[in-house]
1. Given the structure, is A:ALA99 more than 9 Å from chain B (Cβ to nearest Cβ), in contact (Cβ under 8 Å) with a residue 12 or more places away in the chain and either loosely packed, with under 15 Cβ neighbours inside 10 Å or farther than 30 Å from A:LYS15 by Cα (or both)?
2. Report the residue count in region B:103-113 for those that are without any contact (Cβ under 8 Å) to a residue 40 or more places away in the chain, assigned to a helix (DSSP H, G or I) and surrounded by 10 or more Cβ atoms within 10 Å (Cβ to Cβ).
3. Could you grab me the full set of residues in region A:215-256 that are touching a Leu at 6+ places or on another chain (Cβ under 7 Å) and charged (D, E, K, R)?
4. State yes or no: is A:LEU134 away from chain B (no Cβ under 14 Å), closer than 30 Å to A:VAL23 by Cβ and at pLDDT below 95?
5. Of the residues B:LEU197, B:LEU202, which is over 30 Å from B:GLY42 (Cα atoms), modelled with pLDDT of 90 or more, surrounded by 13 or more Cβ atoms within 10 Å (Cβ to Cβ) and more than 10 Å from chain A (Cβ to nearest Cβ)?
6. Sort out which residues of region A:32-77 are surrounded by fewer than 19 Cβ atoms within 10 Å (Cβ to Cβ) and basic (Lys, Arg), and write them in order of number.
7. Scan region B:150-184 residue by residue and report those that are facing another protein chain (nearest Cβ under 8 Å), in a helix (DSSP H, G or I) and either under 22 Å from the mean Cα position of the chain (by Cα) or on the phi > 0 side of the Ramachandran plot (or both).
8. Out of A:LEU363, A:LEU372, which single residue is under 20 Å from A:CYS291 (Cβ atoms), crowded, with 17+ Cβ neighbours inside 10 Å, touching a residue at least 60 places away in the same chain (Cβ under 8 Å) and out of contact with any Leu (no Cβ under 7 Å at 6 or more places or on another chain)?
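The values are calculated or read from the model by the stated rules, or taken from the named source; none is laboratory data. The structure displayed is predicted, hence computed values, not measured ones. Neighbour counts are summed over all protein chains in view; Cβ atoms, including those assigned to glycine, are modelled from backbone coordinates with ideal geometry.
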Amino acid sequence: MNSTVFAPWEDPQAKPLIQFKNVTKRFGDFTAIDNLSLDIFEREFFALLGPSGCGKTTMMRMLAGFEKPTEGHIMLSGQDIDPVPPNKRAVNMMFQSYALFPHLNVWDNIAFGLRRDNMPKHDLEDRVEEMLRLTRLEKFARRKPHQISGGQRQRVALARSLAKAPKLLLLDEPLGALDKKLRQDTQFELMDIQEKTGTTFVIVTHDQEEAMTVASRVAVMDQGKLMQVATPDRIYENPNSVYVADFIGDVNIIEGRATAAVEGTYSIEWAEGQPPLTATSAASFGNGQACHLAIRPEKVTISAERPADAVNAVQGKVHDIAYLGNLSTYHVELPNGTIIKAQTANTRRISRRSFTWEDPVWLSWTATAAVLLAD
Amino acid sequence: MNRLSWFNTVSLTLGFAFLYIPMVILIIFSFNESKLVTVWAGFSTKWYGELMQNQAFLDAAWVTVRVAVFSSTLATILGTMAAYVMVRGGRFFGRTLFSGMIYAPLVMPEVITGLSLLLLFIGIGLDRGILTIVLAHTTFSMCYVSVVVSSRLVTFDQSLEEAALDLGCSPAQAFRLVTLPIIAPAVISGWLLAFTLSLDDLVIASFTSGPSATTLPIKIFSAVRLGVSPEINALSTIMIAVVTVGVITASLVSKRAMVRQRQEEQAAARTE
């Protein structure tokens, strides 16, 4: 096993490839990017994730050079690139619509950027053939874009943007137009190509599953601000805000008031007549401070009897069941009306399911399962 | 094939008769043996032969063709540039005013356009001749070109130009290598439109032409005032033939391109 984990963002000596330095971008009165600072390192596969209108596409367009920051600077390899026009940047972009040139065939589309650099004919041919091999398009080289399928067009767009061996490749919702199955295959293909070429990728997406699958780090954005920048597992397991917890995956949020118990452990008063819940937290909370407890449904155990050793256990009845084939999500209603979701793997056939509608059940989770959040 | 109802048959017949009977009569009488236009005296092609001997008509035809080629080319260049700025220029100051003003010559009476150009040419002391007709025709036909081209540019995916910039093109290269080849059909049809407009313009040309240069429509018009001759019929028939061949060719070419593209897209969808 390779023992050195790829994590340049944890190395204080590492020099970032891209730096956003207090970048603000306004369109008239609308602030698209709000005083944002961010470092992206070489060979990273970095995902900008957020709902539409959060500013992720504006960030990408500023990296490509189609927009200029209103305030602040963007550095590429330590050089301020704000005055550099898009055609002079060592940055290439794969467009959401693919933007393949309809009057050129696949081969000429891929060669387009290389021709602008006046690359010698022989080298150019070698490079195009290499790109065709990388994206498995050898058979389609002489076809026009409208003569190939959507998945093939996506690969042509990728090959064209990689042909110039950019320092940085930008991908704008690259898989949005593909159907789910093809999208999943293509995600792994993208990761494979990113590793093979060693190019830094920045991907913009609104699909959290896609971001989690492909990226080394994910930036969750909202209203022109970065909410959290971390590895996919940290974003999922340790969200730093209710927004991030809610945006990534499914989550139960319980509001309450924290009281410090033993070292690093808090008890949370959350409902009249219910025993307090227990959760560990690295962040400190004052006594009686309002807090939110975020628990992932798959970390909640559902059972008929109260588990003897459970730290947190609440009783309720099954309100609804969402059957997803491999998983089932139980919506359990507590006496005070709160709905808690619990997810279990369907290891047995559905006819042998233990619980059904209106069954009284116990929900339980450990002290470390939940994340305690201030807002 | 559906059979037409009697009502539709009558409408179709009436409509097309209304449109084409005058032209058909003109074509028939161009092959008339007799010198009298209204009396049929047997089939002959002698008026076509005489037309080829008529130096005045040949000179006027040559002037007309040169004027049409130069003015439509100039109008296409200027009209395309104007359309590009209007559609792509973003929200610059006075844009709404400019884009409204570009359409104004479409509705301006030709007499007024002709008169104002005449005053301008006299004012700057430009001798009337081929140059002034070319300038005048460019002026009134460039707005037609810009209408045709801008309607194509509106549906043009701007990310294609951004992709060209991203891959290392200067803005001028992006236009030449990507935008222009893609909007070429619209530019060509704009050119054809300007060409035909110039070819059959009488009013503006008569204001801006001089003794040194007369266009075919002016020649025909003044000849007809002395009486319609079978020679004029022959000349008009040739013009009808040229225009018909041009229009049919253009529509066949674009239809075949469309059918082929649809077939290829269906084939691509099947392999998906």
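1. No.
2. Our first condition is that a residue be without any contact (Cβ under 8 Å) to a residue 40 or more places away in the chain; within region B:103-113, this holds for B:104-105, B:107-109, B:112.
Checking the rest, the ones that are also assigned to a helix (DSSP H, G or I) come to B:104-105, B:107, B:112.
Checking the rest, the ones that are also surrounded by 10 or more Cβ atoms within 10 Å (Cβ to Cβ) come to B:105, B:112.
Total satisfying the criteria: 2.
3. Within region A:215-256, just A:LYS225 meets the criteria.
4. Details: away from chain B (no Cβ under 14 Å): yes; closer than 30 Å to A:VAL23 by Cβ: no; at pLDDT below 95: yes.
Against the criterion (away from chain B (no Cβ under 14 Å), closer than 30 Å to A:VAL23 by Cβ and at pLDDT below 95), A:LEU134 does not qualify.
5. Numbers: B:LEU197 fails: modelled with pLDDT of 90 or more.
Criteria check complete, one pass: B:LEU202.
6. A:ARG43, A:LYS68
7. B:PRO181, B:ILE182
8. None of the others qualify; the one that does is A:LEU363.
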